[in-house]
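Trainee: The structure under discussion is supplied below as structure tokens; questions concerning it will follow.
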Amino acid sequence: TPRQALRTRAFWLILGSWTLGFFGIGSVVIHQVAYAQDKGFSLETATGMATLFAACAFATRLPWGLASERVHVRWLVPLSIVPAGLAVAMLVRVQDVPMLYTYAAVAGLSIGGVPMLMSMAWAVYFGRRHQGAILGVASPIGNGIAMVGPLFAGWMWDLTGSYDAPFTIVAVGM
């Protein structure tokens, strides 16, 4: 039940991973084109990068799903989120088009599995019987904090004129 789930370490670890992951993903996805332009890349290059990111994320849905049938979700969640954080750290240091596109590929390939894996984690740890009620408790917390990510990144850009600080925070948090 939700009451029982709230008393477990697994609930708070999954919720923390979900929140940090989506805080970071939302921040970067929404601001990555503007960030690339701030770094001096053309709009065409920046949108090409975003397209590669989206294509890689889409292409990995099936492989992440197949992996989840063979490997426990507790290993797959960090395997999907940690490389995404490293890719964001790469984005902060990007200097040329190949590095920009490498970021997009690595981030897309790793982030592609996050939504499905996070949904699976709830079911694996708490079963399906009360999954809706448990997610009814977790979703407002996780989504509420996660939606602050893009706002935070935009606010930091307004203050500093750069996305370096919020993206560095995102990279460390992921």
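The values are calculated or read from the model by the stated rules, or taken from the named source; none is laboratory data. Here the structure is a predicted model, which is why all the values come from computation and not from measurement. A quick note on method: Cβ atoms are made from the backbone with ideal geometry, for glycine too, and the neighbour counts reach across all protein chains shown. We work out accessible area using only protein heavy atoms, side chains counted, and drop any ligands, DNA or RNA first. Shrake-Rupley method; radii C 1.70, N 1.55, O 1.52, S 1.80 Å.
Trainee: Once segment 24-174 is represented by equal point scatterers at the alpha-carbon sites, with solvent omitted, what log10 I(q)/I(0) does the Debye formula produce at q = 0.16 Å⁻¹?
Mentor: At q = 0.16 Å⁻¹ the computed log10 ratios are -0.89.
Trainee: For segment 3-54, what does the equivalent ellipsoid look like in terms of its semi-axes, each the square root of 5 times an eigenvalue of the Cα gyration tensor, given largest first in whole Å?
Mentor: Values: eigenvalues 264, 17, 7 Å².
Semi-axes, largest first: 36, 9, 6 Å.
Trainee: For segment 60-136, report the convex hull volume of the alpha-carbon atoms normalised per residue, in Å³, without decimals.
Mentor: Considering the Cα atoms of segment 60-136, their hull volume per residue is 89 Å³.
Trainee: Right, here's the next one. Would you calculate the separation in nanometres between label points at M99 and M147, each defined as 7 Å from the Cα along the Cα-to-beta-carbon direction?
Mentor: 3.6 nm
Trainee: Could you pull out every whole DSSP H run in the chain that spans at least 27 Å of Cα extent along its own axis and averages 0.0 or higher on the Kyte-Doolittle scale?
Mentor: Those that clear 27 Å and a mean of 0.0 are 9-38, 73-92.
Trainee: Something else: How much FRET efficiency would the formula 1/(1 + (r/R0)^6) give for A50 and W155, where r is the Cβ-Cβ distance and R0 is 22 Å, rounded to 0.05? Spell out each step's value before the answer.
Mentor: On the way: r = 22 Å, r/R0 = 0.98.
With a Förster radius of 22 Å, E is 0.55.
Trainee: Still on this structure: Given a 1.4 angstrom probe, I'd like the percentage of the accessible area of segment 1-149 that is carbon and sulfur, rounded to a whole number.
Mentor: Numbers: 5060 of 7580 Å².
Ligands and nucleic acids excluded, carbon and sulfur reach 67 percent.
Trainee: If you roll a 1.4 Å probe over the heavy atoms of the protein chains, what accessible area per residue do you get for segment 1-114, in Å²? Intermediate results must be reported in sequence, preceding the final value.
Mentor: Working: 5750 Å² over 114 residues.
Per-residue value: 50 Å².
Trainee: Obtain the nm distance between the two label points defined at Q37 and V137 by a simple spin-label model: each point lies 7 Å from its Cα along the Cα-to-C-beta direction.
Mentor: 4.4 nm
Trainee: In nm, give the distance between the simple-model label positions of R7 and L66, each being 7 Å from the Cα along the Cα-to-Cβ direction.
Mentor: 4.2 nm
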